[in-house]
Structure formats: C-alpha cells, structure tokens
Amino acid sequence: LLKCNDGTLLKIFQDCNRGQHEMEFYKSIFLAKHDHDQGTCTLRQFIPKYFGTVTIKNDEKSQLYMKISDITNKFKRPCVIDLKIGRRTYDHMATEAKRIRAINKYPLQDQIGFRIDGMKVYNNTTKSFDVYDKMFGRNLDDVTIRHGLSVFFPNEKERKLFLIDKAILKLQVLLRWFNNQYRWIFSSSSLLIVYDGDQDSNEEMELKMIDFTHAYESKIVHAIAKDADVHYKDDNTIYGLTSLLNNLNELKLDLVNSS
C-alpha cells in the first residue's frame, strides 16, 4: 500500500485476476445508481471509499493501483487491529490443497469464527507502538482470544469500556446488514478497527471491511457450487461477526465485574 498526501491509499492490483475482481466489487458498490439504495449505502459505511484507479510508470513499466480512502488518516496515533472474519477463509473455487493450507493456518478458525491477523497499539508509557504479528493471534485459543482482544484496547478501564462499547455498536449495525442482505458472499475478508491512541483524542473509531478479492454475488456462488448447503445468506461471515460480537460483550462484562 502506498500512502498519499490526500488521505488516500494506493493498493496494487493483485495477480491472477484478483485485482480486477476486487476493483469490480468496489465499482459496483459505489455506482451512482445505488446512491438511494439503503442496503448499499449501509455497506458503504463499512468499506473504504473507492476513487478509481491510478497508473504509475516506473523504469518503463506501468503498474495499476486502486485508490481508496485511508481509514487511519484522521488519527494522530492510529491503533489498528486486523481481524480475519469467518469460519472459512477460502472461497468456493479453492482447490483442496488451498483449503488445507487455509485451515492449517489456524485450525480454531472454524470454531471461533475469526482470528487476529495483527495489530499495533500505542503505548502511552513508552510513547511508541507495540506491534503484534500474525503468530500472536494464531497462538490464541477459544479462551484466550478475549485476552487478545483486550490487549488491543487501552489499559485505562473507563476508556477501554467506552471504546469496546463503540465497537459493539458498530458491529451490531454491520451484522444487521449481513442478516438482511442476500446479494453478497464474502470469503477471506478482514475487518479493521481503528481508534486513536492519543489520550486527548476525540474518541472516534473506524470499523471497516477490507480485502474483497473473494467477494462474489451469492447467485454465482450457488450456481458454481451446486451444493444444497450453500445459501444465499452469507452464513460464514455472519458466524464470524456474531462470535466477535459475543466475545466483545463477554470482555465488557468481565471489565464491568472486575474491581
């Protein structure tokens, strides 16, 4: 990702038509004809804004990028968690070998419904960011996953509770959208949560889905899979978001009951 001075990011087109597929998804969501469609407008609140494509020439080679909003831009010290959502992180066209690789990354994904793929948290004591990589998340189980989520939020109890509440409210809106939409199936998408590590911030928070190289219209998934278990509703993502919401509510309850 290339960070621009205008509050946007340039995301390189991925190979094997994945970049083209992701671009088509963004374009379909931000088409002007959907400006008055309530469902699409709700989804727009939970994905980065799309500004088209940019071609950059370097050493006589051209590289195509998608231009999207940088959701961390408005924060002084952005704390970010990357959550891979869903019981399955492969799509309906994945080979058996690819499915096995995906499952082996985090065997508990099917049970928990999400995993922490990385995060950075501002440490007000050291005045620097603490960075947690993918292995941090993959070493968490169904009991310790709440600890992993707790690490992301500030240490100060009142502020931690406030931001957890904010994340819960945003998740509830996103989950409601998924429970009422039948058009899209998302596989291997991530959810980013961002807040400001600066203690004097205005307590804003962003919660956005990213990575749409495996987002398909549900009618296409159903037609290709020819599987009676494939429904038009995105049960995979719904399971993951529900589990995340439940874990945040449990974390909130633990904090409220702590001395």
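Specify which residue in the list L149, T55, M135 is farthest towards the positive end of the charge dipole of the stretch 44-170, using unit charges on the beta carbon of Lys, Arg (+1) and Asp, Glu (-1), about the Cα centre. Going by the Cα projections, it comes out as T55.
Between Q181 and I12, the modelled label-to-label distance comes to 2.9 nm, taking each label 7 Å out from Cα in the direction of the beta carbon. Here V131 and D35 are evaluated by their C-beta separation; at R0 = 41 Å the FRET efficiency comes out at 0.55.
Overall, the chain carries a charge dipole of about 280 debye about its Cα centre when +1 sits on the Cβ of Lys and Arg and -1 on the Cβ of Asp and Glu, all other atoms neutral.
In the chain, the calculated helix contribution to ellipticity at 222 nm averages -12000 deg cm²/dmol per residue, counting -39,500 (n - 2.57) for every DSSP H run with n ≥ 4.
How much area per residue is accessible in the stretch 113-259 when the probe is 1.4 Å and only protein heavy atoms are counted (Å²)? Let's see the in-between values first.
Details: 7050 Å² over 147 residues.
I get 48 Å² per residue for the stretch 113-259.
Within the chain, the whole DSSP H helices whose Cα atoms reach 15 Å or more along their own axis and whose mean Kyte-Doolittle score is at least -1.0 are 157-180, 235-257.
Of all the accessible heavy-atom surface of the stretch 1-157, with the other protein chains kept in place and a 1.4 Å probe, what percent is carbon and sulfur? Please list the in-between numbers first.
On the way: 4480 of 9080 Å².
Percent of accessible area from carbon and sulfur atoms in the stretch 1-157: 49.
Among C79, C4, C16, the sequence by solvent-accessible area, most first, with a 1.4 Å probe is C16, C4, C79. Of K134/K166; K27/K252; K67/K160; K27/K105, which pairs sit farther than 28 Å apart, going by alpha carbon to alpha carbon? Among K134/K166; K27/K252; K67/K160; K27/K105, the Cα-Cα distance tops 28 Å for K27/K252; K67/K160; K27/K105.
With a simple spin-label model that places each label point 7 Å from the Cα along the Cα-to-Cβ direction, the separation between R44 and E96 comes to 4.5 nm.
The values are calculated or read from the model by the stated rules, or taken from the named source; none is laboratory data. Being a predicted model, the structure only gives us computed values, none of them experimental. Note that we place each Cβ from the backbone using ideal geometry, even for glycine, and neighbour counts take in every protein chain shown. Surface areas here come from the heavy atoms of the whole protein model, side chains and all, with no ligands, DNA or RNA. Shrake-Rupley method; radii C 1.70, N 1.55, O 1.52, S 1.80 Å.
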